[in-house]
Amino acid sequence: MAETILIIVHPEPDGSLGKPAREAVGAGRALASGLGAPFSVGLVGADVKQAADALADCGAAKFLGVSGPDFRDARYGSDAAAVEALAKAAGATIVLAAGTSRFSRVLAGAAGRCGGRLDSHVTKAAVEGGNPAVTRWFYRQRIEAVLKRKHRPWFIAVDPGSQEPWKGSGGSAAVESVEVSLPDAAKAVKVTGIRAPSSDQQTIRPDASLLFVAGAGWTKKQADGNRHTDEAAKLILEFLAKSRASLGGSKSAVDMGAEGQPALPFMSHLHQIGQTGSTPRHPKGLATCCHGEEPHVVGWRFINERRAVNLDPNCGWAQGKADVLYLANAFEVMAKINARLAPK
């Protein structure tokens, strides 16, 4: 069966092309090359020319765009209609997009409108036996599966952070406009603004080069017999602000506040790593005051270099689960690191 591939991307608010979009392009190009099939790029946004120009030399047979004020903001009614229109205009048998928050909410609906099927959280798209196949994880990244489908069109949402971003020099792309007439019902939702924490308050940074994980040991009684939760919070936040690392937490550290125990005030279930928490992808990871049981280690599956700071030489991290284990007091270590990171 001859395949026609469409890679759908959306520009960032400033019109540029984000890393997830470049990852989707990289994955789509590799799949098209393996199949010997042409691919096109579809863009959705208020103005898609800048993003299209950034992809001008990616090898796409053509660029299709749905643009205008109605497509500036993430909104189900307009985005689903745009994706549907792009897929039909391209005559695509395979539609590939990054699983961003914007596209994740609409791809299933768009696939349904096109009579297609969707597979999400894909970490690899390749060719096996001449046919396209995708890889994804199940059961909190403990089981890996390879999936194939005969049904077309096949919509594929690629997990951000799982692919190598496409890199090119850009140029000038000719974008074919795809007209989408939105009914009033599709415009019913109005985006009036965005509320987000300041950069200093933001502690979850998926693109950070380092993941810093705090365990329950930070809030336990220390060598002097007292708890130093306030000091722990200050040390951790200071390190995050200076290093721009992303924050994670063990299940015990996350649960402590709900159980009425002293807890780090900024730690929430959104920070939980492993044991029904997230499985992040960062080049390096540093665990502090963590016991390192198996579910927590599973959460670190895609961390390339794992280090830990713990006073207990027999903790889980000392049994081969960390690349490097520092037998030291995390309070003292982080205080010295923060001092080194201070501007001179």
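The values are calculated or read from the model by the stated rules, or taken from the named source; none is laboratory data. Predicted, not measured: the structure shown is a model, and the values here were computed from it. FYI the Cβ positions are ideal-geometry reconstructions off the backbone, even for glycines, and counts take in every protein chain you see.
Odds and ends about this structure:
- Reported count of residues in the range 137-157, each being closer than 30 Å to residue 91 by Cα and under 18 Å from the mean Cα position of the chain (by Cα), is 3.
- Of all residues in the range 320-344, those satisfying the criterion of being at negative phi and either of a type in the set (Ser, Thr, Tyr) or without any contact (Cβ under 8 Å) to a residue 24 or more places away in the chain (or both) are 323, 324, 325, 326, 327, 328, 332, 336, 339, 340, 343, 344.
- Residues that are hydrophobic (A, V, I, L, M, F, W, C) and surrounded by fewer than 13 Cβ atoms within 10 Å (Cβ to Cβ), drawn from the range 145-174: 145, 146, 174
- Checking residue 176 against (1) assigned to a loop (DSSP other than H, G, I, E, B); (2) under 30 Å from residue 59 (Cβ atoms), the condition it does not meet: (1)
- Residue in the range 28-36 that is without any contact (Cβ under 8 Å) to a residue 60 or more places away in the chain, on the phi > 0 side of the Ramachandran plot, more than 20 Å from the chain's Cα centre (by Cα) and surrounded by fewer than 16 Cβ atoms within 10 Å (Cβ to Cβ) present: yes
- The helices (runs of 4 or more DSSP H) found wholly in the range 228-344 and carrying at least 1 residues that are over 21 Å from the mean Cα position of the chain (by Cα), modelled with pLDDT of 95 or more and not small (Gly, Ala, Ser) occupy 229-243, 330-341.
- Of all residues in the range 168-222, those satisfying the criterion of being acidic (Asp, Glu) and under 26 Å from the mean Cα position of the chain (by Cα) are 200, 207.
- Filter result (aliphatic (A, V, I, L, M) and either out of contact with any strand residue (DSSP E or B) (no Cβ under 9 Å at 6 or more places or on another chain) or outside the structural domain of residue 134 (by TED's automatic domain parsing) (or both)) within the range 149-188: 182, 185, 186, 188
- Any chance residue 258 is closer than 30 Å to residue 340 by Cα and surrounded by fewer than 21 Cβ atoms within 10 Å (Cβ to Cβ): no
- One residue alone among 157, 186 is modelled with pLDDT under 95, touching a helix residue (DSSP H, G or I) at 6+ places or on another chain (Cβ under 7 Å) and under 19 Å from residue 87 (Cα atoms), and that residue is 186.
- Number of positions in the range 134-153 that are touching a residue at least 40 places away in the same chain (Cβ under 8 Å) and either among the acidic types (Asp, Glu) or in contact with a Ser or Thr (Cβ under 7 Å, 6 or more places away or on another chain) (or both): 5
- Residues that are in a strand (DSSP E or B) and loosely packed, with under 11 Cβ neighbours inside 10 Å, drawn from the range 129-139: 138
- Residue 162 touching a residue at least 12 places away in the same chain (Cβ under 8 Å) and part of a strand (DSSP E or B): no
Every residue, every condition in (1) in contact (Cβ under 8 Å) with a residue 40 or more places away in the chain; (2) closer than 17 Å to residue 168 by Cα; (3) among the polar types (S, T, N, Q), yes or no:
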{"site": "40", "(1), (2), (3)": "yes, yes, yes"}
{"site": "51", "(1), (2), (3)": "yes, yes, no"}
{"site": "56", "(1), (2), (3)": "yes, yes, no"}
{"site": "62", "(1), (2), (3)": "yes, yes, no"}
{"site": "68", "(1), (2), (3)": "no, no, no"}
{"site": "77", "(1), (2), (3)": "yes, no, no"}
{"site": "92", "(1), (2), (3)": "yes, no, no"}
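- Tally, over the range 253-276, of residues that are on the phi < 0 side of the Ramachandran plot, among the small types (Gly, Ala, Ser) and either touching a residue at least 40 places away in the same chain (Cβ under 8 Å) or in contact with a Pro (Cβ under 6 Å, 6 or more places away or on another chain) (or both): 1
- From the options 113, 142, residue that is surrounded by fewer than 17 Cβ atoms within 10 Å (Cβ to Cβ) and either hydrophobic (A, V, I, L, M, F, W, C) or closer than 20 Å to residue 42 by Cα (or both): 113
- Check on residue 223, modelled with pLDDT under 95 and in a helix (DSSP H, G or I): no
- Only a single criterion out of (1) under 20 Å from residue 242 (Cα atoms); (2) outside the structural domain of residue 287 (by TED's automatic domain parsing); (3) surrounded by 10 or more Cβ atoms within 10 Å (Cβ to Cβ) is not satisfied by residue 198, namely (3).
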